[in-house]
Amino acid sequence: MKITYPHMGSSPIAFRMLIEKLGHEPIMPQRPSEKTLSLGSHYAPEFACIPFKILLGTYLESLERGAEMIITSGGMGPCRAGYYGVLHEKILKDLGYNVDFVVLEPPQKRAMDFIRKLGKITSGNSLPVIWDALSTTWQKLKALDHIEKLSYEIRPWEVDRNETTRTMEECYKILDSAWTREEIQKSSIECTRLLETIRVDESRKPLKVGIIGEIYVVLEPAANFDILRLLGDMGVLARRSIYLAEWTKDNTFFKGEEHVKLAAKPYLNELVGGHGALSVGNTVLYSKEGYDGVIQLAPFACIPEIVSKSILNRVARDLDIPVLTLFLDEQTGKAGIKTRLEAFIDLMYSRRKYRQEAII
């Protein structure tokens, strides 16, 4: 069976190994391009959000390369993401594609449905093989998240421009070739060493910015114009609130992120779907941790993030932390994003200077 899946950050590296270990042929999704978005936008409903359009374009590209099955995730609560899979499947079938579409819903609500669908992917494999595939994939996802986090911590201090980016490209290749738990562990250690040997200027005092918002546009550089790398190159320490392994753990078999939801309660105590409450809660926490600002990334017309944006205005006033919201769609351009970031950075530097002068 030739299987494809969404492209979201560095996760395709891990999922390719999973599919191969289960005896299938992975059709690894290509990094989304302008062509991908254009293709998805052409066949998607006009007011669908940018993740929907990019995913549709990605599936169409993979189907042209021979994919026979698409595996994706579902969702819960008042958010349209829960309908992505259903509508994607209908559009593809209307276009003449006879593809097996497997939508894995969160298991804590529909456990038997999750197990049944997982069985379609794992059928024919023994339990030891399935366990090895799942456990090594999980370990690789965690390793990928670890080196990404480390790269964001190093980039604002790097002496040689783009050295962090070049090192990360090498690290992705190293982790991609790791096949066992032992190899993944050794690869993670090696990548950590490579990143930590990058020359840094410790005299710098970069701004510290939290990145919040909808999961796809936060994790996928092609959707957010690689904003964390861009901020790092501009001398800003950017830390995002979502990583795939942590999010999967907190939203499948374990109940996590309670401290974030608790922080949001004074401002938002209702279920608005998506990552709306988490955007509010993380902004509160970033403020308490002394961040210079927060950037919210949201697909255009994303209702949960629109709700959180209206509340974030009050959070920003109450907690005295600037918040920049960037709504993203197929009309958004990198030049416009960069201009807004530069203005936001100037604002944060001015606020820092004013506070330091006030103390003196």
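When GLY40, GLY9 are checked against the criterion of being crowded, with 18+ Cβ neighbours inside 10 Å, on the phi > 0 side of the Ramachandran plot and within 22 Å of the chain's Cα centre (by Cα), GLY9 stands alone in meeting it.
Every condition in (1) over 20 Å from the mean Cα position of the chain (by Cα); (2) of a type outside the set (A, V, I, L, M); (3) surrounded by fewer than 14 Cβ atoms within 10 Å (Cβ to Cβ); (4) over 19 Å from GLY276 (Cβ atoms) is met by ASP318 except one, and the failing one is (4). Residues in the range 12-36 that are surrounded by 22 or more Cβ atoms within 10 Å (Cβ to Cβ) and within 17 Å of ASN224 (Cα to Cα): PRO32, THR36. Considering VAL323, VAL307, VAL284, which residue is of a type in the set (A, V, I, L, M), touching a helix residue (DSSP H, G or I) at 6+ places or on another chain (Cβ under 8 Å), crowded, with 18+ Cβ neighbours inside 10 Å and more than 27 Å from LYS205 (Cβ to Cβ)? One residue alone meets the criteria, VAL307. Here the condition is being assigned to a helix (DSSP H, G or I) and at pLDDT 95 or above; of ALA178, ALA81, ALA143, it holds for ALA143 alone. Taking each residue of the range 257-285 that is over 18 Å from CYS302 (Cβ atoms) and looking for partners that are among the acidic types (Asp, Glu) and surrounded by fewer than 23 Cβ atoms within 10 Å (Cβ to Cβ) with beta-carbon atoms closer than 6 Å, six or more apart or interchain, yields GLU257/ASP250.
PRO6 meets each of the listed conditions (1) free of Cβ contacts under 8 Å to residues at least 40 places away in the same chain; (2) under 21 Å from VAL102 (Cα atoms); (3) outside any helix (DSSP H, G or I) apart from (1).
The values are calculated or read from the model by the stated rules, or taken from the named source; none is laboratory data. Computed from a prediction, not measured in an experiment: that's the story for all the values here. When we count neighbours, we look across all protein chains shown, and the Cβ atoms used for this are built from the backbone with ideal geometry, even at glycine.
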